[in-house]
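Below: the structure, in structure tokens.
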């Protein structure tokens, strides 16, 4: 079926499923998650087979090594996806929790109850594990989900969704609980941004997706995953901390949104330390794009352009710039950053406090790698994305961030005076 | 100055003010609020004078009596506005509150801190008191605000904003903290919906505003104030409770969003009770628009059309329909409602529980007037609007709903393994 006919029908199915899911007990949802995990394991051969087609296409189309890493599904990654679903089953179910009940001056009782959002639309990059994580988190939080993954992962996502849907249906929940839009063209995303059956759209991705969402979305959305993250090495920084944090934040997994993209350093930092750090980064395969001062310290570095300060490389590239001090660093982050994760390396109590107060980002670090901005690392169990907006959710989004509230009010005939 | 030139400049000023406000102590903000209250009192004559111009225009242009009521500013209403600002000053300041701090498995400390949203854009109906309430709530929660009230209240809002801004500046806070867009044309609202300096837009109003926001907004928004509220009188209802709740919800202040617009009743309810209720409503000046059954009970009633079920009258008009039972009532509310406030009048425990579980609205009542959906009545101290969306805030929005959070993370050089 063509997606143009398919999408409205998916919306209707999702709405029906959302009603069933909103009323489903935790037990029922957990059983579905267990079956979903088993189904991924049982279909591992089919999934890796389909994934090999995507990876081959990706190499032909010149995807970066970081992108290929995000795209690749191995048996151990399928096991991680399945284990992830089982971990989600073990998490506390937020739906139905009453976080407050009080009696008002008029004598009515007001309770605030946690409820699902309804139908969630996910538009995300070519990372097949997100398909499984998102399906699991949405189902556990009582939401139906319509998935639309990056076209580079088309075959992988189809295979994963087929395995998940099979399990959902086997568990007795409606087919519409987990659906994937089987379209590779961009217009399908735009049509999804306008589908009125979607209660909340969660786009994960970079600047071009953000622009498209801003222009086209006609449903509420939460922008996630835009990460132009900064590390500022202050004058008083401990060199060893600075070295290991920068290397970890850049090299450990460069393709993800909490990797660092720009390093700022105080212009009075010792040349010796900076030369050794930049040459170590170069040895680790990092391309340095620097301002004049940086290029003096690191002969291998290219000249940074204005564009580099705003870039999210998702690759082994680092923009590097000297600043006159913390104020210039904060201004640079405000001007070019995406309000995701930013870090200061400092031994100054005052500067640590100032940086955390004045940098307006979801996660503001002192002396720790930006790579920690993650639902799992934060202890939320899992995450569906990292919000870079201030509305509804900011930072890693776990189960609770996939819910809303409603007020239930009980009276005995009270009226307003 | 023309608003086309003015708006970008207002955005810049608001951004600067937002930074100052985010760092302002509660003391400083409370002093500003006290001065704002005094300034309203001191400028009462100017404000009521300007308001008289708006009211006269409104009468000429045929505004309904409910609309004229919302528009009118008297000395006692100015005193209420001033007292409202003083009450806001007395509320707990949510900014800077840390609601959780924990140490992760990696040994970093994570704290969740409440922060302002930044710059708030308010588009609202012709209710001058909202100008003062919104300015006070935004300031207390550390946000700069750009106000754009209904054109029918143009002169009143200009006078009120002038009084408020004078006080803001006198308190030492930046002029950009409270600004009003001095334009009467609709394009000004559309331009505001696209102003990138606005972090969150809060539109208050009906369906046409909602459609315009959906089509035009390029900034995150929270829809508020669309209230097609229902009261369903169940078969087992206590007649006296039903009577007083319906009359209160319709007549006490028909121009506001938590007033009831449609009454549904179980078709086995006694004719005698229904006839007496409908005739009492008619005596109180309520125009009844009913289905066939209703018209049989109330000769004065007009025939309801499909449009009536979806209408938010904001006036002394009530749509009335018989249903076969609770399921049909819930379906009707789901189909035509705005997910604001809906009520069942019943003595059935099971139906009370079912209604509150299955009706997907911000506030779901058993045996109490929908008029209680209000920040003041709920005990939030004050409200900037009533959200009818599920994202970020649902129901009455007080100070906390005007904030976001950020994570601050402290380490000693930790990196991700």
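Every read-out reported here was derived from the displayed coordinates using simple, explicitly stated rules and does not represent laboratory data. Because the structure is a prediction, the values reported are computed rather than measured. Cβ: placed from backbone, ideal geometry, glycine included. Neighbour counts: every protein chain shown.
So for region B:268-417, what are the equivalent ellipsoid semi-axes in whole Å, largest first, each being the square root of 5 times an eigenvalue of the Cα gyration tensor? Please list the in-between numbers first.
Numbers: eigenvalues 347, 60, 41 Å².
Each semi-axis is the square root of five times an eigenvalue, giving 42, 17, 14 Å.
For the residues B:97, B:56, what sequence is obtained by ranking on other C-beta atoms within 10 Å, fewest first?
Numbers: B:97 14, B:56 11.
Ranking B:97, B:56 by Cβ neighbours within 10 Å, fewest first, gives B:56, B:97.
Would you order B:199, A:185, B:291, B:69 from fewest to most other beta-carbon atoms within 10 Å of each residue's own beta-carbon? Walk me through the intermediate numbers first.
Values: B:199 23, A:185 10, B:291 18, B:69 14.
Listed from fewest to most nearby Cβ atoms, that is A:185, B:69, B:291, B:199.
For residue B:300 and residue B:275, calculate 0.36 nm times their separation in residues minus their Cα-Cα distance, and state this gained length in nm to one decimal.
Numbers: separation 25, 0.36 × 25 = 9.00 nm, distance 1.10 nm.
Answer, rounded to one decimal: 7.9 nm.
Where does region A:289-378 land on Rg(C-alpha)/(2.2 N^0.38 Å)?
Details: Rg = 13.9 Å, N = 90, 2.2 N^0.38 = 12.2 Å.
For region A:289-378, the normalised Cα radius of gyration is 1.15.
Give the separation of the Cα centroids, region B:314-347 to region A:362-417, in Å.
Centre-to-centre (Cα) distance: 32 Å.
On C-alpha positions alone, give me the angle between the axis of helix B:239-251 and the longest principal axis of chain B, in degrees, nearest 10.
Helix B:239-251 sits roughly 50 degrees off the main axis of chain B.
Counting only Cα, what are the radius of gyration and maximum Cα-Cα distance Dmax of region A:3-84, in Å?
Looking at region A:3-84, its Cα Rg and Dmax stand at 17.1, 47 Å.
Given a Förster distance of 35 angstrom, what is the FRET efficiency for residue B:111 paired with residue A:218, based on the Cβ-Cβ distance and rounded to 0.05?
Values: r = 37 Å, r/R0 = 1.05.
Taking R0 as 35 Å, the efficiency between residue B:111 and residue A:218 is 0.45.
If you take the square roots of the eigenvalues of the alpha-carbon gyration tensor of region B:261-309 and sort them as a ≥ b ≥ c, do you get rounded (a/c under 1.5), prolate (a/b over b/c) or oblate? Present the calculation step by step, with values, prior to reporting the outcome.
Numbers: a/c = 1.67, a/b = 1.15, b/c = 1.46.
Oblate, since a/c reaches 1.5 and b/c is not below a/b.
Can you tell which of B:216, B:228, B:258 shows the greatest fluctuation in a Gaussian network model of chain B with Cα springs below 10 Å?
Top of the fluctuation ranking is B:216.
Classify chain A: rounded, prolate or oblate, from the alpha-carbon gyration tensor (a ≥ b ≥ c, eigenvalue square roots; a/c under 1.5 rounded; otherwise prolate if a/b is larger than b/c)?
Numbers: a/c = 2.18, a/b = 1.42, b/c = 1.53.
Oblate, since a/c reaches 1.5 and b/c is not below a/b.
Once each part is reduced to its C-alpha centroid, what is the distance from region B:205-226 to region A:221-254 in angstrom?
What the calculation gives is 38 Å, centre to centre.
Relative contact order (percent) for region B:328-417, with alpha-carbon contacts under 8 angstrom and 6 or more residues of separation? Could the numbers behind the result be given before it?
Working: 107 pairs, mean separation 19.8, N = 90.
About 22 percent, as a whole number.
Given R₀ = 35 Å, what would the calculated FRET efficiency be for residue B:25 paired with residue B:182, taking r from the Cβ atoms and rounding to 0.05? Show your work: numbers first, answer last.
Values: r = 31 Å, r/R0 = 0.89.
Taking R0 as 35 Å, the efficiency between residue B:25 and residue B:182 is 0.65.
Note the distances from residue B:267 to each other copy's matching label point, with points 7 Å along the Cα-to-beta-carbon direction, in nm, sorted shortest first.
For residue B:267, the inter-copy label distances come out at 8.2 nm.
Got a sec? How would A:229, A:257, B:298 order by Cβ neighbour count within 10 Å, fewest to most?
Values: A:229 29, A:257 26, B:298 19.
Final ranking by Cβ density, sparse to dense: B:298, A:257, A:229.
Considering the rotational relationship between chains B and A, which residue of chain B contributes the beta-carbon of minimal distance to the axis, and what is that distance to the nearest Å?
B:392, 2
Once you keep just the Cα pairs under 8 angstrom separated by 6 or more residues, what percentage relative contact order results for chain B? Please report the intermediate quantities before stating the final value.
Numbers: 883 pairs, mean separation 77.5, N = 417.
Dividing the mean separation by the residue count of chain B yields 19 percent.
Report, to two decimal places, the Cα Rg of region B:96-205 normalised by 2.2 N^0.38 Å (N = number of residues).
Values: Rg = 17.2 Å, N = 110, 2.2 N^0.38 = 13.1 Å.
The value comes to 1.31.
Restricting everything to alpha-carbon atoms, can you work out Rg to Rh for the protein assembly as shown with a Kirkwood hydrodynamic radius? Please report the intermediate quantities before stating the final value.
Details: Rg = 28.2 Å, Rh = 28.5 Å.
A ratio of 0.99.
Roughly how many whole Å is it from the C-alpha centroid of region A:62-76 to that of region A:127-196?
About 20 Å separates the Cα centre of region A:62-76 from the one of region A:127-196.
For B:391-402, what's the mean count of beta carbons from other chains sitting within 10 Å of each residue's beta carbon?
The shielding value for this peptide is 3.
Mean residue ellipticity at 222 nm from the helices of chain B, using -39,500 (n - 2.57) per DSSP H segment of n ≥ 4 over the full residue count, to the nearest 500 deg cm²/dmol?
Working: 16 runs with 186 residues, N = 417.
The helix-only estimate for chain B comes to -13500 deg cm²/dmol at 222 nm.
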